[in-house]
Structure formats: C-alpha cells, structure tokens
1. Can you compute the FRET efficiency between ASN274 and THR252 using 1/(1 + (r/R0)^6), with r the Cβ-Cβ distance and R0 = 25 Å? Round to the nearest 0.05.
2. Quick check on packing: order 298-304, 225-231 by the mean number of other C-beta atoms within 10 Å, highest mean leading.
3. Short version: what are the Cα gyration tensor semi-axes of the chain, square root of 5 times each eigenvalue, largest first, in whole Å?
4. Can you work out the PRE-style zone for ILE146? Point 7 Å along Cα to Cβ, and I want the residues of segment 177-211 with backbone N under 12 Å.
5. Where the eigenvalues come from the Cα gyration tensor of segment 148-297, what are the semi-axes √(5λ) of the equivalent ellipsoid, largest first, in whole Å?
6. Give the distance, in whole Å, between the Cα centre of segment 213-270 and the Cα centre of segment 42-64.
7. Can you pull a Stokes-Einstein diffusion coefficient for segment 2-223 at 4 °C (1.567 mPa s), Rh from Kirkwood over Cα pairs, as a whole number of µm²/s?
8. Name the residues whose placed amide hydrogens come within less than 5 Å of the amide hydrogen of ASN82, ignoring near sequence neighbours (fewer than 5 apart) on the same chain.
Amino acid sequence: MINYIIKKYGIKNENPEDLSVRKRLGMLSGLVGIFGNLLLFSGKFFAGVITSSIAISADAFNNLSDAISSLVTLICFKASNNPADKDHPFGYGRIEYISGLIVSIAIIFMGIEFTKSSIEKIFNPEPVSIQLLPALILIFSLFIKILLGVFNTKIGKIINSTALKAATFDSLGDAAVTVTILFGMAITYFTGISVDAYSGILVSLFIIFTGVGLIKETLSPLIGQSPDPEFVKEITDLVLSSPNIIGIHELTVHNYGPGKSMISMHAEMPAEKNIIELHEEIDLMEKKLKEKFGCSAIIHMDPIVTSDVNVQLIREKISSLVKMIHENAKVYDLRIVPGDKVNLIFHVSVPYDMPKTDEEIKSSLSLGIKTLDESYESQIEVDRVYFEDQAKTKDESADQKDE
C-alpha cells in the first residue's frame, strides 16, 4: 500500500542521494500526516464534546498539533531544498531543524495547558458520558495512527530523516495514549469510577514529554553534533584507499541540513613525492567524496618524511609514549628541527572525555620525551577528538578490515 502511494505520487525511484526524491518523499509524508491527523482531530474533538472527556479532548488537540507538525514538515522540505544564494551559500537545509524546534515549543505549551485543565477537573469533577460511538472513533484512530507510524518509518528509512523518525515515535506514542484513554473509559464503564481527569494528566504529560524529546532532536544538529560513526568510517576507508594518503586527522563533517554537508580533513602524504602529483591526487579524492556522498570536500595536504629511518624511529618512540596516556591517542604532524637542542614539534589527538587536562598531557609527554634523549625539546599541541576515526593511518584501517 505504501509503495502504491509513493508511485501514485509520481516518485519513480527511491534513491535517497537524489535531493529531488528526498524533497518529494518528505512532502508526501507531510501531506499524508496533515490529512490523517486532521481526520483524527475532527473525530476525537467530536467524541470529546459529546462525552465531556478532558482526556479525549487533550488527545484531539494533540492530533491537531501533529497536523501542524506535518504542515511544517511539508513546508520545510520544500524550502530546505531551495538552491544556495549569495546570502546563504550552503543552502537552506537547517530550516528543517528550526521549524521542528518551533513546533516542539508549541507542543509543550499545549501540554501544559491541558495539564492545568486536567488538574482543575480533579478538584471540580464533571460527569463523563461513556458511549459506543466515541469508543469506536478512538479504536478507528488507533488503527490510523499505527498506519501513519508505519508510513513514516518507511519514508524515514529511505531518506534517513531525523524529523520523520521522530514522527514515527510520535505516532506510536499517540497510539499508546489512545489505548490509555480506552482503558480509562472501560474502568469508568465497569466500575462507575471516573478516571478521566487522571487520564487527561497522563495524556498531557505525554504531550509535554514528546515536545521535550523533539526539542532535543532538533537542537542537537543546530548546536553541532558529532556525525554518524558509520558515515565517518565510510569517508575514512575511501580516503585511505588513495595510493599516497598515509593517514588522516582533524576530519570534520559540517552539517548544513539533511543531505547538505561539507567535509574537511588533513591528509598525510610522503614529503619525498612530486608535489604536483600529490596535489592532483588530493583533487581526485575530493571529487570522489563529492560523487559518493554528495558533499563538498576540502583536504589539506600535510607532507611527512617517510624515507628517513631516524625520523620513523623517533615517531614510533613518541607513539609508544602517547599510547601510555590513552590507547586511542595518536601522533601526527611530526616535525624534527635539528640544532643544539632537537625540537620535536607534533600534535597529539585524545578523546574528548579524557579526564586529564591538555597541560597535564603536555607535561607528561614532555617528561617522557626527555627520558628518550636529554637533547630533545618538545612543542606539543593537544587536539580533542569526538570520534575514533578522526585520526587514523592506513595501517590501522587495514588492521580493522582484517579483524
């Protein structure tokens, strides 16, 4: 059925890399959500009126907020795919996050208002009429919500949309709320005890909880979250497949909205090779990244000495010292400046959650380097990395594949 709707909407392929397909699938999800949730709002609002149930009324307006969310989804999928311009050189992709944030705040305020109304009804109870028609409406709405959840799951997986994945959980949560209301109606019907106000509080708290969850979902990419580790691994594997790229570090993925990212990194390459040829290799790799991931890529070339045995030996000794600080710490950008005192200049990457301060790390490494040779002086820069693959060599990547 879902595939039929997709084809009927005029989408001939489901390629998530095609931004036009992403846009149309996102808009289709918005249209289906608007229609389905308005239908549910109308039915539940009617049921709430004829039964005087605060719980059913709260659930009705919860569906109305879902319809508004779907409208925002439709608008933002259309707007977020507008082409870049001089004022917004990276496009409008983040509109999806901003719109989601606004809707999330509105949902929370709605939940707060219904919580107040439910509490008032506890102290000033009103009789609730239990009738067959409202019960049937709720059962029908339960079926519709499950269908919407399945639909959003399908579309969300195709285009890897955070917004649609959140909509899936929202739909299934709404279904659970409806079951709670039906259960409350059954208690009232068989015992004569009205639990409507308490059911209303549960529904209202769920609405607030949903809003808070959606705020977290939309704020994280706006603030700047770490990229998907699997995506990082794919980038790393592709870059290290290049013949003369020995290692990479300072890999950063800049997110400008779903399907709109920019990659930047440093690539270590043999200093002895022809610089023009190495530059061409870097250009080719940037094109490959663009073709495979649809992302702009900037690679900074770091030349390192690979033919000097002494340099390699010093690098290995420093790497051993660094591993004593943390098993995932790595050395890169090593330069050796000879003189009366031999200056060892390098960067070391450590995980963000490492408890030691940067100064403690530098001090520990400097003392360790002195034990290697009294003539060694060190200039160390510490970089905190948020994922393991941010600094990796070709040998390490090959070891992982073997495992």
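Here, each number is a calculation from the coordinates, and none is a lab measurement. Since we're looking at a predicted model, the values are computed, not measured. Heads up, the Cβs are rebuilt from the backbone with ideal geometry, glycines too, and the neighbour counts pull from every protein chain shown.
1. After rounding, the FRET efficiency stands at 0.35.
2. 298-304, 225-231
3. They are 57, 26, 16 Å, listed largest first.
4. Zone members listed by number: 179.
5. In descending order the semi-axes read 53, 13, 10 Å.
6. Distance between centres, Cα-based: 46 Å.
7. Values: Rh = 18.2 Å.
Once the numbers are plugged in, D ends up at 71 µm²/s.
8. For ASN82, whose amide H was placed from the backbone, the distant partners under 5 Å are TYR92.
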